[in-house]
Amino acid sequence: MFEPSYLELLESGELDRRIEALYARMSPCVLCPNECRVDRLRGEKGLCRVGDRPMISSYGPHFGEEAPLVGFGGSGTIFFTYCNLACVYCQNWEISHLGEGEEISVEELARIMLLLQARGCHNINLVTPTHQVPFIVEAVKKAAEEGLRLPLVYNCGGYESVETLKLLEGIVDIYMPDFKYADEKVALRLSKVRKYPQMARKALKEMHRQVGDLVIKDGIALRGLLVRHLVLPGGLAGTPEVLRFIAREISPETYINIMDQYRPCGEAWKYPPLDRPLYREEYEEALAWAERVGLKRLDPGRSRFW
């Protein structure tokens with residue numbers, strides 16, 4: 001029977017040390033590559049605009065994720081408010097930019113995890129967790145002490161600190177990062193962060209080192225790496241280079257979702273060609289590139305084009 005990796009750290013007491021180390025990275029805050037260096041434990045706020053308490057928008061079983069996460073009971077998603085990126089076209093604009101949501105306690109966050117398990121979800125899917133990871137791990141400890149036994153999905157934008165990720169080894173079971181851009185100038189313009197491709201490459205390598213390729217049993221993901229790549233209009237994402245990196249420097253067996261659902265949101269209208277939807281030909285070209293570079297495990301989710 002599958003048991004999530006964090007249970008071993010709980011039993012050994014190592015989980016307490018990790019929690020302490022993660023909170024230390026908040027004062028000054030260096031949890032992510034933005035390294036704002038504000039003292040969040042004293043209520044100061046940096047780019048992510050979250051202080052010293054968890055902040056969430058919503059939670060519940062989600063049936064729109066990749067099939068190995070959804071199964072028959074849904075993915076137990078928790079949407080965390082704000083983000084360490086500032087994507088001009090974000091499809092969750094109200095949450096990531098406008099701060100839709102509310103502050104809760106770590107104890108409440110733990111209860112939400114247990115509720116999702118009780119509702120039959122297959123995992124705890126942490127959406128945009130990067131800037132709130134100390135609260136999350138503390139809540140996981142409290143929930144595990146009360147019987148949480150679901151794998152954790154770290155559903156992030158790919159702009160991660162390797163030092164923070166190392167503290168999550170043995171805690172996170174499934175890493176699900178985006179790899180958004182191959183060009184750092186495009187990333188700076190569209191997501192307002194520096195050195196995104198360099199940071200994402202390092203992060204994906206560390207994630208894969210920890211959990212390996214995605215393991216699926218009876219149709220349900222248990223452990224491993226699942227990468228998302230959103231194809232952008234006009235080739236802005238640098239899709240060929242992103243896919244080539246994944247195939248050659250991560251693994252040709254990487255489970256990858258090449259996404260076609262781009263639509264103009266937020267302030268995309270200010271950044272042509274983001275002011276238009278993706279063309280079918282652009283998506284077909286992305287799929288052709290995946291085949292060309294040797295990626296073997298493409299998510300079979302239904303495309304809006306056919």
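Just so you know, all these numbers are worked out from the coordinates, no wet-lab data involved. In this text the structure is predicted, and so the values were computed from the model without any measurement. When we count neighbours, we look across all protein chains shown, and the Cβ atoms used for this are built from the backbone with ideal geometry, even at glycine.
Give the list, by residue number, of cysteines in the chain with no other Cys Cβ closer than 4.7 Å, or say none.
If one checks each Cβ against the other cysteines of the chain, Cys29, Cys32, Cys36, Cys48, Cys83, Cys121, Cys156, Cys265 turn up with nothing under 4.7 Å.
Counting trypsin sites (Lys or Arg not before Pro) as exposed when in a DSSP loop with at most 16 other beta carbons within 10 Å, what is the longest stretch of the chain free of them?
196-295
Just to verify a number: FRET efficiency for Ile104 and Ser27, C-beta to C-beta distance, R0 = 22 Å, to 0.05?
Working from the Cβ atoms, E equals 0.60.
Take the Cβ-Cβ distance between Tyr279 and Arg149 as r, set R0 to 51 Å, and report the resulting FRET efficiency rounded to the nearest 0.05.
0.70
Work out the P(r) tail for the range 59-168: percent of alpha carbon pairs separated by more than 25 Å, whole number.
20
Show me, for the range 225-242, the HN-Hα J-couplings you get by feeding each phi into the Karplus relation (A = 6.51, B = -1.76, C = 1.60, θ = phi - 60°), rounded to Hz, glycine and proline as x.
9, 10, 9, 10, 9, 8, 6, 9, x, x, x, 5, 6, x, 3, x, 5, 4
How high is the FRET efficiency from Glu253 to Arg42, r the C-beta distance, R0 41 Å, rounded to 0.05?
The pair Glu253/Arg42 has a calculated efficiency of 0.35.
Ordered by residue, what ³J(HN,Hα) values in Hz, to whole numbers, does the range 122-130 give under the Karplus form 6.51 cos²θ - 1.76 cosθ + 1.60, where θ = phi - 60° and Gly and Pro are x?
8, 7, 9, 9, 8, 8, 6, x, 3
Asn257's amide H: which non-local residues (gap 5+, or another chain) put their own amide H closer than 5 Å, with H modeled 1.01 Å from N in plane and none for Pro or chain starts?
Val227, Arg228, His229, Asp299
When the C-alpha atoms of the range 6-298 are aligned to their principal axes, what extent does each axis show, in angstrom, from largest down?
If we take the Cα atoms of the range 6-298, the spans are 50, 44, 31 Å.
Hull surface divided by four, with the convex hull built on the Cα atoms of the range 219-306: how many nm²?
With every direction weighted equally, the projected area is 6.4 nm².
Fewest Cβ neighbours within 10 Å first, please rank Ser96, Ser251 accordingly.
Starting with the residue having the fewest Cβ neighbours, the order is Ser251, Ser96.
Quote the relative contact order of the chain in percent (integer), defining contacts as alpha-carbon pairs under 8 Å separated by 6+ residues.
16
Nearest 5 is fine: what % of DSSP beta bridges in the chain come out antiparallel, could you say?
That works out to approximately 35 percent antiparallel.
Arrange the following residues from fewest to most other Cβ atoms within 10 Å of their Cβ: Ile256, Ile95.
In increasing order of surrounding Cβ atoms, one gets Ile95, Ile256.
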